[in-house]
Amino acid sequence: MDSLKPKIAIIGAGNVGSTFAFSLMISGLAREIVLIDKNESLAIGECMDLNHGLSFAHPTRIYPAGYEGCTDADIVVITAGANQKPDETRTDLVKKNVAIFKDIVPAITKYTKDAILLVVTNPVDILTYVTLKLSGFPPNKVIGSGTVLDTARLKYMISDYARVDPGNIHAYIIGEHGDTELPVWSNATIGGMDIETYCSEYAKQGNAKNELSAIFEKVKNSAYEIIKRKGATNYSIALSLVKITRAILRDENSILPVSTLITDYYGISDVCISIPSIVNTKGVEQYVRLDLSKAEEKLFSHSANTLKGFIKAIELD
């Protein structure tokens, strides 16, 4: 059967992959969804369950396959990898998941040279870089989910604190999706006002600067808290993937803090890291150079150098 368009291939039918497939089915963005997993029985079961609900959703062809399912895909979303355990940092996962990606990426590129590769597996920035190098794809076509979810978490928590619609909050978390990420308070606004000024004048709940700092700490640690309580994060990351997918398929030119290869960004090059980027059918068309404060610039440099340290220790040959 010829492929239907748009076609999305999902590598990994675990918590994140299956929840993304479900969210994607409900969204109506894809006409064809392929689930690929080394556990063929799991992929078959997930597809059966999804297909049984199709009469309540949009017309979609959903099926399990091997890596040949990547043929003609518009986007290949990689969620497969070792799971993060409670109290285990994202960087603890590096060696395990790099070894897994050495098998996955060549298997994908055997069947497609045209798809956009969207990496979700943690540590996502390092694995985005690994995918870029192993695939040989141009940098614009290899994207990590980055800090899109971290930024959404930040907006939610600020909205709860400031009692305002998160859609009126403009703020980014950049850097590593992990322990060295940073909020860009110098560029953050609510309703066009400086965020700290707005919170001081309208939230009126203690010291705004201290409250915002505490909110960021909650954001940074929220994945660990969720994993401790339920074993994995899946709903919010799946929805963030739908947002990235929509930006690509519908050529939205959305500005999203995805992980992408940077060159001379505040003097930093050759690392995949999250910064606001214009996302459309080309993948990352270009990234946006934020006007960082000196303190933020220092934190961003630390985040990038931390990632570079891990990348340097990886053997990709």
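The values are calculated or read from the model by the stated rules, or taken from the named source; none is laboratory data. A quick note: this is a predicted structure, and the numbers were derived from the prediction, not measured. Heads up, the Cβs are rebuilt from the backbone with ideal geometry, glycines too, and the neighbour counts pull from every protein chain shown.
Could you check how many residues of segment 1-21 are in a loop (DSSP other than H, G, I, E, B) and more than 13 Å from E40 (Cα to Cα)? Break it down stepwise before answering.
Narrowing segment 1-21 to residues in a loop (DSSP other than H, G, I, E, B): 1-6, 12-14.
Then keep just the ones that are more than 13 Å from E40 (Cα to Cα); that gives 1-6.
Here the count works out to 6.
Among the residues of this structure, L118 does not count as one that is of a type in the set (A, V, I, L, M), under 30 Å from L316 (Cβ atoms) and outside any strand (DSSP E or B).
Which of the following residues is closer than 27 Å to I8 by Cα, surrounded by fewer than 24 Cβ atoms within 10 Å (Cβ to Cβ) and of a type in the set (A, V, I, L, M): L117, L132?
On the way: L117 fails: surrounded by fewer than 24 Cβ atoms within 10 Å (Cβ to Cβ).
Answer to the selection: L132.
Please state which one of S269, S213, S240, S254 is surrounded by fewer than 16 Cβ atoms within 10 Å (Cβ to Cβ), among the small types (G, A, S) and farther than 15 Å from F300 by Cα. Can you show your working first?
Numbers: S269 fails: farther than 15 Å from F300 by Cα; S240 fails: surrounded by fewer than 16 Cβ atoms within 10 Å (Cβ to Cβ); S254 fails: surrounded by fewer than 16 Cβ atoms within 10 Å (Cβ to Cβ).
None of the other options fit; the residue is S213.
Checking each residue in segment 245-271 for being under 14 Å from G146 (Cβ atoms) and in contact with a Pro (Cβ under 6 Å, 6 or more places away or on another chain) picks out I255, P257, L261. Return the residues of segment 14-59 that are within 24 Å of D251 (Cα to Cα) and over 24 Å from the mean Cα position of the chain (by Cα); say none if nothing qualifies. A57, H58, P59 - these are the residues of segment 14-59 that are within 24 Å of D251 (Cα to Cα) and over 24 Å from the mean Cα position of the chain (by Cα). Among the conditions (1) outside the structural domain of C70 (by TED's automatic domain parsing); (2) within 22 Å of the chain's Cα centre (by Cα); (3) assigned to a helix (DSSP H, G or I); (4) farther than 22 Å from G12 by Cβ, the only one that N140 does not satisfy is (1). Take the conditions assigned by TED's automatic domain parsing to the domain that holds T245, crowded, with 21+ Cβ neighbours inside 10 Å and hydrophobic (A, V, I, L, M, F, W, C) and apply them to I108. Does it pass? When the stated conditions are applied, I108 does not pass them.
Looking at segment 201-217, is at least one residue closer than 20 Å to A152 by Cβ and either touching a Ser or Thr at 6+ places or on another chain (Cβ under 6 Å) or in a strand (DSSP E or B) (or both)? Taking every residue of segment 201-217 in turn, none turns out to be closer than 20 Å to A152 by Cβ and either touching a Ser or Thr at 6+ places or on another chain (Cβ under 6 Å) or in a strand (DSSP E or B) (or both). Summed over segment 86-112, residues that are modelled with pLDDT of 95 or more and not in a helix (DSSP H, G or I) total 3.
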